[in-house]
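Everything on this sheet refers to the single structure shown next.
The values are calculated or read from the model by the stated rules, or taken from the named source; none is laboratory data. The structure displayed is predicted, hence computed values, not measured ones. All Cβ positions, glycine included, derive from the backbone under ideal geometry; neighbour counts span all protein chains shown.
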Amino acid sequence: MRTIKFRAWQKNYGGYMFYSHKSKGLGYLEFNDDSSTVIGESDGDQRYEASEMPLMQFTGLLDKNGEEIYEGDIIDNEGALQKYEVIFHKGCFCISQGGLGYHIFNEKKAEIIGNIYQNPELIN
């Protein structure tokens with residue numbers, strides 16, 4: 001069974017990636033009962049509206065280095081000339097290059113090289 005995890009990008013204050021599990025980074029996500037507010041805890045409680053923080057879901061896959069692959073990650077798919085963004089499309093996680101088609105990828109050959117929020121230049 002796949003573990004359900006999320007991360008969210010908080011672009012204000014220099015940018016920070018919050019994770020729904022406490023094992024990564026200084027902050028983490030919690031969801032209020034009304035599901036409208038995300039709480040990021042990093043050096044004290046801070047509240048952000050969910051609409052301010054795009055959510056990205058864990059694919060359940062690890063790249064060739066053992067790193068968790070999330071939506072929004074940019075991967076180098078070994079042997080491919082382009083860099084790809086990981087997206088969720090029509091019920092499955094796949095990769096896309098500039099919206100020009102969708103492809104299933106082999107995570108054993110994929111390597112995370114960044115994400116669309118912190119490294120957008122990698123896929124432009």
Condition first: at pLDDT 85 or above, out of contact with any Pro (no Cβ under 9 Å at 6 or more places or on another chain) and outside any strand (DSSP E or B). Now tell me which residues in region 72-89 satisfy that.
none
Which condition number in (1) assigned to a loop (DSSP other than H, G, I, E, B); (2) out of contact with any Asp or Glu (no Cβ under 9 Å at 6 or more places or on another chain) is the one that GLY98 fails?
(2)
